[in-house]
Amino acid sequence: MWNTFSLSIYALVASIPLAVIMAIALNETKSTRWKKSVQMVTYAPYFISTVVMVAILMQFMDPALGIFNTIRRLVGLETINYMGSPEKFRHIYVWSALWQNTGYNAIIYLAALTGINPELYEAARVDGVNKWQKIRHVDIPCIKTTIIIMFIMNMGYVMSIGFEKAFLMQNALNLETSEIMSTYVYKMGLINSDFSYSTAIDLINSIINICLILLFNKLAKLKDKDGGLW
């Protein structure tokens with residue numbers, strides 16, 4: 001449970017700020033051609049399948065022929081078994097997911113930014129604000145509700161983090177941190193044929209997810225009456 005929770009929170013805390021920063025940066029871009037090019041490059045990894053993504057990671061981080069260890073050898077450092085390190089598993093899992101999904105997630109915040117009333121920008125220009133002040137006092141407050149809603153919705157998947165990627169990246173060396181609830185349910189239910197036990201675990205996951213949604217929705221409502229999902 002701790003592996004699942006820590007991995008999910010790590011991914012959630014890192015993904016939302018990066019997506020917001022990318023959306024704001026694209027919104028501030030004056031060149032339409034450059035904006036569309038960046039969107040295409042950052043959005044394209046979203047369509048790479050999980051199996052292909054993990055295969056790419058394994059090729060890049062191979063202890064003998066991987067590009068990362070090749071660079072380490074060139075600068076006189078020892079090679080590292082990245083995929084066999086429990087300490088590095090979370091970082092590899094999360095940051096590869098960020099590379100794959102940040103462009104897609106930024107679209108939501110970019111849509112929220114394009115919906116801001118232009119009169120707010122005109123009023124800000126009249127007040128003499130610079131670009132950073134405009135972002136701080138106009139852009140972020142106007143998309144705050146969207147950020148909170150996305151955060152609450154993602155909290156509903158904290159204990160249901162994807163099975164495929166964790167299972168494909170998992171091995172005997174990194175099992176200490178790579179064994180999450182979904183892979184454990186798979187092993188208990190389908191490999192050990194303990195269906196009642198695996199069903200109970202999955203039920204607990206669902207209850208925890210519901211409780212987290214209710215809790216964070218309540219906290220959002222306490223901070224702002226219009227800030228929750230309902």
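The values are calculated or read from the model by the stated rules, or taken from the named source; none is laboratory data. Please read these numbers as outputs of a predicted model, since none were measured by experiment. All Cβ positions, glycine included, derive from the backbone under ideal geometry; neighbour counts span all protein chains shown. The area values use the complete protein model at the heavy-atom level, side chains included, leaving out ligands, DNA and RNA. Shrake-Rupley method; radii C 1.70, N 1.55, O 1.52, S 1.80 Å.
Annotations for the structure displayed:
- Pairwise label distance in nanometres, Trp2 with Ala200, each label 7 Å out on the Cα-Cβ vector: 2.2
- Segment 185-222 versus segment 68-89: alpha-carbon centroid distance in Å: 36
- GNM result for the chain, Cα springs below 10 Å: residue of Tyr186, Tyr121, Tyr82 fluctuating most strongly: Tyr121
- Sites Tyr43 and Leu77, calculated FRET efficiency, Cβ-Cβ separation with R0 41 Å, nearest 0.05: 0.75
- Mean-position separation - Cα centroids, segment 119-155 and segment 20-58, in angstrom: 22
- Reciprocal of mean inverse Cα separation for segment 16-95 (Kirkwood radius, Å): 15.2
- Relative contact order (%) - segment 168-230, alpha-carbon pairs under 8 angstrom, separation at least six: 16
- Calculated from backbone phi, Karplus (6.51, -1.76, 1.60) coupling profile of segment 76-85 in Hz, x at Gly/Pro: x, 9, 6, 6, 10, 8, 4, 6, x, 9
- Couplings 3J(HN,Hα) of segment 168-180, computed from phi: 6, 7, 6, 8, 5, 7, 9, 4, 4, 10, 8, 7, 10 Hz, in residue order, whole Hz [Karplus 6.51 cos²θ - 1.76 cosθ + 1.60, θ = phi - 60°; x for Gly and Pro].
- In order along segment 91-98, phi translates into HN-Hα couplings of 5, 5, 4, 6, 6, 5, 5, 5 Hz, rounded to whole numbers, per the Karplus curve 6.51 cos²θ - 1.76 cosθ + 1.60 with θ = phi - 60° and x for Gly and Pro.
- In summary, the lysines within cross-link reach of Lys221, defined as a Cα separation below 16 angstrom excluding same-chain residues under 8 places away, comprise Lys144.
- Entry for segment 65-123 at q = 0.21 Å⁻¹: log10 I(q)/I(0) = -0.90, Debye formula applied to identical alpha-carbon scatterers, no solvent contribution.
- Comparing Ile201, Ile92, Ile67 in a Gaussian network model of the chain (Cα springs below 10 Å), the most mobile by mean-square fluctuation is Ile67.
- Spatially proximal lysines relative to Lys30 (Cα-Cα < 22 Å; intrachain offsets below 8 disregarded): Lys131, Lys134
- Looking at the chain, the accessible area is 60 square angstrom per residue; that uses a 1.4 Å probe and ignores ligands, DNA and RNA.
- q = 0.13, 0.15, 0.18, 0.25 Å⁻¹: log10 I(q)/I(0) that the Debye formula gives for segment 171-229, counting C-alpha atoms only: -0.53, -0.62, -0.71, -0.93
- With every protein chain in place, segment 128-230: carbon and sulfur % of accessible area (1.4 Å): 66
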